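A short worksheet on the structure shown next.
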Amino acid sequence: MYSDCAISVNGISKCFEIYDKPAHRLWQMLCAGRKKFYREFWALKNVNFEIKRGECVGIIGRNGAGKSTLLQIITGTLRSTEGSITTNGRITALLELGSGFNPEFSGKDNVFMNAAVLGFTGDDINRKYQEIIDFADIGDFISQPVKTYSSGMLVRLAFAVQIMLDPDILIVDEALSVGDIFFQQKCFDRLKKLVDRGTTILFVSHDIALVKSLCSKAVYLKQGELAAFGDAKDVCEMYQNDSTNAYSAERARLQALEQQGEAHTAQLFRIDPDFSKKVTERSGNMDVEVTALDFYDLKGHLINDCFVGDKVKLVISISANRDVPEGAQIGVLCRDNRGNDIFSTNLVNFQKFLPALKAGQRGTVEWEFVMPVFGLFFFSMGIKPDKLSQDFYDRPFNAASLQTIKRDPLDTTSALLTVNPENFKIDVQ
């Protein structure tokens, strides 16, 4: 392998043996290969590519395409059935949430143990320890057993260890998806600095915008095979076109099924039992509480994605925990997955207000609009007693997301959203 090559993947294939019954594993051992009691599943088939030092490469593809399997083979945690991998440099990898951590030990102990396993000396760890703690930003929990951590805290600490030890090659699976949007932004900024410094980065992501902005190259896996490898923008466009075609076919199938039966009628007010777990930050006295943020298509179906240019309905479900006077305001903020503001609006702009609510009353605020921008977007909102108040009844951040998909491969729409004030509707039960 050439000295400027960091990772060389040569004809990698991986076959998993699928057994229908546990007893079949024993029968397979006893028959010594004379008969097969399993089905073969080839997760990877003859994958070849080479990554040079200092390149940032994204691995993209649909679920089940073999992305995580490939990373496990590259890091050496999984053996390939065929082919070989050659790496040049010290590798750190974050493939699974909390991998390498002992749940009984404190966060501090796990930092030192994890770094030692990666080959760092005590002096190296002591020099980097404060940076790791500052980046993870989990406060006094650093002294608590890891088993008491939330998934967000766990990924913060695990990623901080990997990224702050200045690896030659950094490999990351989709672990960052569990972090909140603020921590994700901090991670992306750090990744950019590592790229500028010359670190080789290989990561799996479903965030195509991130791959385009951060990576120079991309690997597109399709049903275990290498569909494309090359310029990140070109490979991502190929993947998006394939995804659009698959999405269109699925939509057509569902529409055909609808025509055979009765149309679904949505019950708009909803209490989402996982709502508090979804939001990344929340404040307010909860006199009026948001119980769900949902998107519907115009046929009344709950959705989390749509085509660019489709009209959708955002429904905010609210419940009064105390009697409140009329005049409360509801505002909505939309940001992209990099934290950039896309648009914001408020009922007060259109001279609309919530009516007086009695404790126990429920209602919805519904808003139909067209989203002509491509990407992944997060929606936050707030309910204030009146337009002059600085306090909130409820203020959940990143409470819902909407993924927009290009209908036409040539569609490059990225215009700002125009808000139509006539589309707001307030309904209190």
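The values are calculated or read from the model by the stated rules, or taken from the named source; none is laboratory data. Every value quoted in this text rests on a predicted model; they were computed, and no experiment measured them. So basically every Cβ, Gly included, is an ideal-geometry build from the backbone, and we count neighbours across all protein chains shown. Calculation scope for accessible area: heavy atoms of the full protein, side chains included, ligands and nucleic acids excluded. Shrake-Rupley method; radii C 1.70, N 1.55, O 1.52, S 1.80 Å.
A Förster radius of 30 Å combined with the Cβ-Cβ distance from Ala356 to Leu298 puts the calculated FRET efficiency at roughly 0.45. Listed peptides 340-349, 313-322 appear in the order 313-322, 340-349 once ranked by packing, highest mean of other Cβ atoms within 10 Å at the front.
Rolling a 1.4 Å probe over the protein heavy atoms gives the chain an accessible area of 50 Å² per residue. The protection proxy used here, the mean number of other Cβ atoms lying within 10 Å of each residue, ranks peptides 239-246, 70-77 as follows, highest first: 70-77, 239-246.
From the square roots a ≥ b ≥ c of the eigenvalues of the alpha-carbon gyration tensor of the stretch 1-155, which class results: rounded (a/c under 1.5), prolate (a/b over b/c), or oblate? Oblate is the answer for the stretch 1-155, as a/c is 1.5 or above yet b/c matches or exceeds a/b. Classified by the C-alpha gyration tensor, the stretch 85-210 has an oblate form. Its axis ratio a/c, with a ≥ b ≥ c, is 1.5 or above, and a/b does not exceed b/c. Within the same chain, aspartates and glutamates fewer than 8 places from Lys36 are excluded, and of the rest, those with a Cα less than 20 Å from its Cα are Glu17, Asp20, Glu82. A simple spin-label model places the labels of Met286 and Thr77 3.7 nm from each other, with each point 7 Å out along Cα-to-Cβ. Packing around the peptides 189-195, 270-276, taken as the average count of other Cβ atoms within 10 Å per residue, puts them in this order, highest first: 189-195, 270-276. The slack in the chain from Asp305 to Lys35, taken as 0.36 nm per residue of separation less the alpha-carbon distance, amounts to 92.5 nm. Inter-label distance, Lys277 to Ala23: 3.8 nm, where each label sits 7 Å from its Cα along the C-beta direction. Extension gain, Asn63 to Ala246, is 64.6 nm, computed as 0.36 nm per intervening residue step minus the present C-alpha separation.
Taking chymotrypsin sites (Phe, Trp or Tyr not before Pro) across the stretch 1-108, the ones in a DSSP loop with at most 12 further Cβ atoms lying within 10 angstrom of their Cβ are Tyr2. Cross-link partners of Lys299 among lysines, defined as those whose alpha carbon lies under 21 angstrom from its own and excluding same-chain residues fewer than eight positions apart: Lys311, Lys313, Lys406, Lys425.
Working note: Cα atoms of the stretch 311-358, range along each principal axis, descending, whole Å: 39, 22, 22.
For the listed residue pairs Lys67/Lys108; Lys14/Lys233; Lys14/Lys67; Lys14/Lys212; Lys52/Lys193, the alpha carbons are over 22 angstrom apart in Lys67/Lys108; Lys14/Lys233; Lys14/Lys212. Remark: spin-label model distance Asn102-Lys186 equals 2.7 nm, labels positioned 7 Å along the Cα→Cβ axis. For Asp4, neighbours were defined as the other residues whose beta-carbon sits under 9 Å from its Cβ, and their charges (Lys and Arg +1, Asp and Glu -1) total +2.
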